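Student: Sharing a structure here in structure tokens format.
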Amino acid sequence: MPNLSYLKALNRALSTEMDADPAVCVFGEDVGVAVSNVTTGLLKKFGPERVVDMPISEQAFTSFATGAAMAGQRPVIEFQIPALLFLAFEQIANQAHKFSLMTGGQVSIPVTYLLPSSGSRGGWAGQHSDHPYSLFAHVGVKTVVPATPADAYGLLLTAIRDDDPVIVFAPAGAIGVRDNVDFATLAPVPLGSGRIHRAGDDVTVVAVGHLVHDALAVAEELAGTVSVEVFDPRTLHPFDWSGLAESLERTGRLVVVDDSNRSCGIGGEILATAAEQMRLIAPPKRITRPDGAVLPFARELDLALQPTRAQIRTAIEQVAKTSFSTQNEE
């Protein structure tokens, strides 16, 4: 089967949708020269009317995209750096996200916000290494974090076709992933549908984005002692709570791996919802960045603040050995 990279999957999805729907267009900084390689070849194929280089003002072109969507276009905005979302948060969370609700559905805002290489990119330092997906899930914006090339393709298609704003975080840790994929099987992936990458009986590991690959590697290492199920939510809002509940019915034990800061992160929400509504036979654990983490320029310090395979392994082994009764005895 052909080999498909995560980055090429995003490019392929954009090209597919631009071919299918003339209302789809791309806005961003340096999208014409494809500085991130996501928009490679699109300017030549679709022209400057649909692949539009914007001034260096995220607030301006994010608002511009909202207006274009109201006028019948389906804009895809590429943000070069995840921290730029903080500048445009008002335009996304308070404007684009709310227009449909505040007009009683009379207006739709089909904008897709694409973040290629979100998170740490190795020495990009504090203002370039954020992974703020939890913020958007919190305010109710549809939030997507694909882990694989096929899911990157399918979820981006779905995001572009959705009549609401959707934000797609393409983690830096997954951008280099390649899979053998039958192109004929590539298809839209519905929002709110999780994916079990590896079935297991003892512990469910919920991993977000690129951390799916770390969880799978640790699950393979522990295969002789602990049977690990790796659950990839794929979208954080809406979240596949029923899929997680089904997994926990089998395992009863939960570890969550989340590359965002600990307080108010999606990892804490997953643990809380599981504790309130699902079957747990042991106290769950989460692995995150530390509270208030700002990733430094120094590579060793950068890596020290991110979830690691060693942490995942330790958490799985601890959860596998405990239950609520044994914890109470201790």
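The values are calculated or read from the model by the stated rules, or taken from the named source; none is laboratory data. Remember, predicted model here, so these are calculated numbers, not experimental data. When we count neighbours, we look across all protein chains shown, and the Cβ atoms used for this are built from the backbone with ideal geometry, even at glycine. The accessibility values were calculated without ligands, DNA or RNA, using every heavy atom of the protein model including side chains. Shrake-Rupley method; radii C 1.70, N 1.55, O 1.52, S 1.80 Å.
Student: Mind checking the per residue accessible area of segment 73-140 for me, 1.4 Å probe, whole number of Å²?
Tutor: Working: 2620 Å² over 68 residues.
Using a 1.4 Å probe on heavy atoms only, each residue of segment 73-140 averages 38 Å².
Student: Rounded to the nearest Å, what's the spacing between the alpha carbon centres of segment 55-124 and segment 1-35? Just the number, please.
Tutor: 17
Student: Further question on the same structure: Taking the Cα atoms of the chain alone, what are Rg (to one decimal) and Dmax (as a whole number) in Å?
Tutor: When restricted to Cα atoms, the chain yields Rg and Dmax of 19.9, 68 Å.
Student: If you don't mind, another one. Place a label point 7 angstrom from the Cα of Ser193 along the Cα-to-Cβ direction, then list the residues of segment 227-264 whose backbone nitrogen is under 16 Å away.
Tutor: Only 232-244 pass the distance filter.
Student: Could you tell me the calculated FRET efficiency between Glu317 and Trp241, based on Cβ-Cβ distance and R0 = 41 angstrom, to the nearest 0.05? Walk me through the numbers before you get to the answer.
Tutor: Working: r = 26 Å, r/R0 = 0.65.
Computed FRET efficiency for Glu317 and Trp241 comes out at 0.95.
Student: For segment 207-289, just the Cα atoms, rotate onto the principal axes and tell me the three extents in Å, largest first.
Tutor: Its Cα atoms span 34, 26, 21 Å along the three principal axes.
Student: Expressed as a whole percentage, what fraction of the accessible surface of segment 246-315 belongs to carbon and sulfur atoms when a 1.4 Å probe is rolled over the protein heavy atoms?
Tutor: Details: 1760 of 3390 Å².
Exposed carbon and sulfur together represent 52 percent of the surface.
Student: Mind listing the phi-derived Karplus ³J(HN,Hα) values for segment 171-182, rounded to whole Hz, using 6.51, -1.76 and 1.60 with θ = phi - 60°, and x for any glycine or proline?
Tutor: Each residue of segment 171-182 in turn: x, 4, x, 10, 4, x, 5, 10, 9, 7, 10, 7 Hz.
Student: Over the alpha carbons of segment 248-300, what is the largest minus smallest coordinate on each principal axis, giving the biggest first in Å?
Tutor: The principal-axis extents, from largest down, are 43, 20, 12 Å.
Student: Just to confirm a number: summing +1 for Lys and Arg and -1 for Asp and Glu over residues other than Arg250 whose beta-carbon lies under 13 angstrom from that of Arg250, what do you get? Intermediate values should be presented prior to the final figure.
Tutor: Working: positive: Arg198, Arg253, Arg279; negative: Asp201, Asp202, Glu229, Glu246, Glu249.
Charge balance in the 13 Å sphere: -2.
Student: Report the label-to-label distance for Asp163 and Lys98 in nanometres (one decimal), using points 7 Å from each Cα along the Cα→Cβ vector.
Tutor: Going from the Asp163 label point to the Lys98 one covers 2.2 nm.
Student: Once segment 61-195 is represented by equal point scatterers at the alpha-carbon sites, with solvent omitted, what log10 I(q)/I(0) does the Debye formula produce at q = 0.11, 0.14, 0.15, 0.19 Å⁻¹?
Tutor: -0.40, -0.64, -0.72, -1.10
Student: A follow-up question, please. Can you say what percent of the DSSP beta bridges in the chain, counting only those with both residues inside, are antiparallel? Round to 5.
Tutor: On the way: 8 of 40 bridges.
Bridges in the chain that DSSP calls antiparallel: roughly 20 percent.
Student: Compute the acute angle (0 to 90°) between the alpha-carbon long axis of helix 58-70 and the principal axis of greatest extent of the alpha-carbon atoms of the chain; round to the nearest 10°.
Tutor: 80
Student: Restricting things to alpha carbons, tell me how big segment 23-93 is in terms of Rg and Dmax, in Å.
Tutor: For segment 23-93, the Cα-based Rg and Dmax read 11.6, 33 Å.
Student: Separate question: Per 0.36 nm of contour for each residue apart, how much would the distance between Gln127 and Lys45 grow if the chain were fully extended, relative to their Cα-Cα spacing? Before the final figure, lay out the partial values.
Tutor: Values: separation 82, 0.36 × 82 = 29.52 nm, distance 3.38 nm.
Going from the current span to full extension adds 26.1 nm.
Student: Once amide H atoms are placed 1.01 Å from N in the peptide plane, what residues at a sequence separation of 5 or more from Arg74, or on another chain, have their amide H within under 5 Å of its amide H?
Tutor: When sequence neighbours closer than 5 places are left aside, the close amide H contacts are Val24, Cys25.
Student: Out of residues 5 or more away from Ser260 or on other chains, whose amide H comes under 5 Å of its own, with H placed 1.01 Å from N in the peptide plane?
Tutor: Under 5 Å from the amide H of Ser260 lie the amide H atoms of Arg289, each far enough along the sequence or on another chain.
Student: Based on Cα positions only, what radius of gyration and what Dmax would you give for segment 264-330, in angstroms?
Tutor: When restricted to Cα atoms, segment 264-330 yields Rg and Dmax of 14.7, 45 Å.
Student: Quickly work out the Ala184-to-Ala34 label distance, labels modelled 7 Å from Cα along the C-beta direction, and quote it in nm with one decimal.
Tutor: In this crude spin-label approximation the distance works out to 2.7 nm.
Student: Describe numerically, in nm with one decimal, the distance between label points set 7 Å from Cα along Cα→Cβ at Asp53 and at Ala71.
Tutor: Taking the two extended label points, one gets 2.1 nm.
Student: Another question, then. Determine the sum of side-chain charges near Ala96: Lys and Arg each +1, Asp and Glu each -1, restricted to other residues whose C-beta is under 15 angstrom from that of Ala96.
Tutor: On the way: positive: Arg74, Lys98, Lys142; negative: Glu58, Glu90, Asp162, Asp163, Asp164.
With Lys, Arg at +1 and Asp, Glu at -1, the net is -2.
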